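Down below is the structure, laid out as structure tokens.
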């Protein structure tokens with residue numbers, strides 16, 4: 001039995017040896033054909049001339065393989081490849097035919113310093129460095145997402161046409177870098193990708209990973225039927241992309257019909273908006289830190305428009321639903337988003353960060369990102385918050401364009417009334433903040449609890465208008481140069497926590513004695529206030545009811561707490577009592593007063609003010 005087994009193995013080995021000896025001349029002749037086939041295949045893949053300048057080795061066993069070193073692609077040596085390993089179909093090789101089944105590109109590298117004809121480098125990048133590197137080249141070439149997305153259809157068509165006849169293409173340690181004198185993404189490195197194609201429906205799959213802008217990324221993309229796409233039909237497609245800054249998933253349909261389009265479900269998320277945006281673009285601009293970001297929805301790419309419907313956006317601790325549309329020609333994002341609750345405070349603080357400690361006041365406020373972004377979002381919210389203000393039923397528009405960031409508050413509920421306004425940050429020449437807010441029918445009790453102190457409280461209904469204008473180079477500049485104005489008109493209310501008798505008692509007293517209780521009802525209240533940096537100007541303040549009038553004006557230093565006010569306190573005339581003649585009735589006179597000192601203990605001096613003694617008393621009607 002052992003002898004029989006040995007005999008069988010010996011016969012088989014002899015037959016194999018005879019076959020090899022018989023066809024060996026064909027292999028030798030086929031090596032030249034294999035070289036030609038490799039060059040032809042690479043030129044078909046890249047669409048540009050290919051030259052092999054290094055040694056070439058050809059082996060039959062254990063694999064029919066050709067290994068070539070030092071390959072140059074492109075007339076301007078646009079891409080270099082350290083080594084190409086090509087595996088041939090062994091059956092075809094036995095009969096002297098060279099059919100490549102698998103190609104391995106070892107360290108293909110884009111050469112950015114070599115200048116080539118326009119579009120030539122694009123052609124090379126799309127095929128040799130695969131879909132991922134072509135997208136990177138598009139970003140570098142055109143510097144905007146519009147051109148990158150617009151080129152996806154052409155990229156897909158060329159990739160399908162050129163890779164469909166190859167069963168396996170592997171890239172090992174691939175490198176693509178932009179020019180050294182160009183800003184933007186640092187490119188792709190350590191690209192290890194495998195592209196496979198099944199023979200049934202020409203299913204296409206690319207898997208692997210690469211490093212983009214210093215962060216690793218993994219990709220898994222599948223096209224079920226490239227044959228259908230090549231014939232103008234449809235195919236299911238899927239994409240899974242993961243990296244520390246960003247994760248993307250897409251499943252849908254690609255259609256190469258009359259109107260090519262891509263339709264499917266899209267999900268994207270990142271732990272940090274600023275990190276994700278900076279990683280994608282490698283921008284030199286400071287990008288606002290808006291916290292975690294995610295976007296889910298039904299994506300449609302058709303013609304020159306990218307749409308996301310049934311969109312769910314989470315950004316800056318708020319979640320909204322709606323639709324987004326990206327115009328590829330205008331490089332502009334438009335959309336409509338509805339929020340249940342919307343907190344605009346984190347957005348504002350991300351764009352204009354609050355100072356952290358005393359040295360933070362000198363930190364520059366950077367808004368250069370607004371020069372490269374173009375968006376207009378119509379926003380609605382049942383409840384919204386901006387700083388200390390609480391709004392309801394909000395309708396607003398957020399725009400970023402040409403160096404300006406603005407929020408237009410078209411209509412909103414505010415403490416029982418309505419409000420509208422605008423705030424903007426402009427960076428066209430130097431950072432500048434401007435804004436205004438107007439309210440009507442506002443409940444003063446809620447408004448004073450938001451901005452007033454614990455001792456003084458207003459009630460009633462009123463209207464106000466506030467404006468702000470300031471250079472915004474840094475917070476030190478803002479605190480020194482901000483100019484604001486506030487006007488307030490109210491009626492039928494009460495000032496609680498204040499006793500106006502402190503302005504009527506003769507002599508000198510502390511203002512604090514008037515803040516220990518009491519109240520002053522009013523039929524009308526009018527105030528005009530303004531600030532310039534840390535200086536507050538009370539241009540006018542008046543409160544009136546049927547029996548009393550109080551008016552004041554002056555200045556205050558917000559930094560030191562110094563007050564310098566003057567005014568009048570007047571009990572209005574009453575009709576003479578029964579049995580009292582008009583001659584006996586004494587008309588009350590206005591009592592002038594001044595308030596001077598440091599808050600919270602300034603002095604109140606009643607009597608003749610300096611201005612009344614000098615004959616200049618504009619407060620006196």
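Based on what the data block shows, is residue 379 without any contact (Cβ under 8 Å) to a residue 24 or more places away in the chain, within 30 Å of residue 332 (Cα to Cα) and within 22 Å of the chain's Cα centre (by Cα)? Before the answer, list the steps.
Numbers: without any contact (Cβ under 8 Å) to a residue 24 or more places away in the chain: no; within 30 Å of residue 332 (Cα to Cα): yes; within 22 Å of the chain's Cα centre (by Cα): yes.
When the stated conditions are applied, residue 379 does not pass them.
Could you go through the range 461-473 and let me know if any residue there is part of a strand (DSSP E or B) and over 39 Å from the mean Cα position of the chain (by Cα). First the steps, then the outcome.
To start, the set of residues in the range 461-473 that are part of a strand (DSSP E or B) comprises 461-471.
When the remaining residues are screened for being over 39 Å from the mean Cα position of the chain (by Cα), the result is 461.
Yes, the range 461-473 has at least one match.
Counting only strands (runs of 3 or more DSSP E) that fall entirely inside the range 481-578 and contain at least 2 residues that are without any contact (Cβ under 8 Å) to a residue 12 or more places away in the chain and closer than 18 Å to residue 599 by Cα, no element qualifies.
Residue count for the range 244-274, restricted to those that are over 29 Å from residue 202 (Cβ atoms) and buried (at least 18 other Cβ atoms within 10 Å of the Cβ): 6.
Each row is one residue, and each column tells you yes or no for (1) at pLDDT 90 or above; (2) not in a loop (DSSP other than H, G, I, E, B).
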site: 192; (1), (2): yes, yes
site: 195; (1), (2): no, yes
site: 201; (1), (2): no, no
site: 232; (1), (2): no, no
site: 236; (1), (2): yes, yes
site: 252; (1), (2): yes, yes
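Pairs meeting the criteria (first residue in the range 223-234 and farther than 10 Å from residue 253 by Cβ, second residue part of a loop (DSSP other than H, G, I, E, B) and modelled with pLDDT under 85, beta carbons under 6 Å, at least 6 apart or on different chains) are 225/201; 226/164; 226/202; 227/201; 227/202; 229/256; 232/256; 232/257. Inside the range 298-323, residues that are on the phi > 0 side of the Ramachandran plot and surrounded by 15 or more Cβ atoms within 10 Å (Cβ to Cβ) make up a count of 2.
Yes or no, residue by residue, for (1) in a loop (DSSP other than H, G, I, E, B); (2) at pLDDT 75 or above:
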residue: 44; (1), (2): no, no
residue: 69; (1), (2): no, yes
residue: 72; (1), (2): no, yes
residue: 76; (1), (2): yes, no
residue: 83; (1), (2): no, yes
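Within the range 354-375, restricting attention to residues that are over 30 Å from residue 329 (Cα atoms) and in contact with a strand residue (DSSP E or B) (Cβ under 7 Å, 6 or more places away or on another chain), the residue that is surrounded by the most Cβ atoms within 10 Å (Cβ to Cβ) is 365. The set of residues from the range 402-454 being in contact (Cβ under 8 Å) with a residue 60 or more places away in the chain and surrounded by fewer than 15 Cβ atoms within 10 Å (Cβ to Cβ) comprises 450, 451.
Only one of (1) within 30 Å of residue 392 (Cα to Cα); (2) within 18 Å of the chain's Cα centre (by Cα) fails for residue 327. Which number is that? Only one criterion is unmet by residue 327, namely (1).
The values are calculated or read from the model by the stated rules, or taken from the named source; none is laboratory data. Please read all numbers here as calculations on a predicted model, not as lab measurements. A quick note on method: Cβ atoms are made from the backbone with ideal geometry, for glycine too, and the neighbour counts reach across all protein chains shown.
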